[in-house]
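Notes follow once the structure below has been shown.
The values are calculated or read from the model by the stated rules, or taken from the named source; none is laboratory data. Since the structure is predicted, the reported quantities are computational estimates derived from the model, not experimental observations. With ideal geometry, Cβ positions are generated from the backbone for all residues, glycine too; neighbour counts draw on all protein chains shown. Just so you know, the surface numbers come from the protein's heavy atoms only, side chains and all, with ligands and any DNA or RNA stripped out. Shrake-Rupley method; radii C 1.70, N 1.55, O 1.52, S 1.80 Å.
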Amino acid sequence: MKVEKIKTHKLKTNPNNPRTINKINFKKLKKSIQEFPKMLELRPIVVDENYIVLGGNMRLQALKDLGIKEVYCVQESELSEQQK
């Protein structure tokens, strides 16, 4: 598994993401990122070969809101459509 930094503007949120987050929890997520940015490296966003986010859609939204331009990602290209 290779972790690399990718520009946030290259990443696309998953239109099939089943999870939602309310405004209060989204605000907490942004605060958490600001207070402990090292967690972004320890828990990278997972993307497919087309840079669609498979894990970390809300983190990506929070990063964009915070103006963060790069994020640690794991790119996985060997998943079936069902696994994605």
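Scanning region 57-83 for residues that are surrounded by 13 or more Cβ atoms within 10 Å (Cβ to Cβ), at pLDDT below 95 and assigned to a loop (DSSP other than H, G, I, E, B) turns up just one, GLU76. Considered as a group, the residues in region 45-56 that are touching a residue at least 24 places away in the same chain (Cβ under 8 Å) and surrounded by 18 or more Cβ atoms within 10 Å (Cβ to Cβ) include one that is farthest from SER77 (Cα to Cα), and that residue is ILE45.
Scoring LEU42 on the criteria (1) open to solvent by 70 Å² or more (accessible area, probe 1.4 Å); (2) at pLDDT 95 or above; (3) of a type in the set (A, V, I, L, M) leaves a single failure, condition (2).
Count of region 66-84 residues, restricted to those that are of a type outside the set (S, T, N, Q) and within 13 Å of LYS2 (Cβ to Cβ), is 5. Taking residues in region 8-36 that are surrounded by 11 or more Cβ atoms within 10 Å (Cβ to Cβ), and partners anywhere that are among the charged types (D, E, K, R), the pairs with Cβ atoms closer than 8 Å and at least 6 places apart or on different chains are THR8/LYS64; THR8/LYS69; THR8/GLU70; LEU29/ARG59; LYS30/ASP65; ILE33/ARG59.
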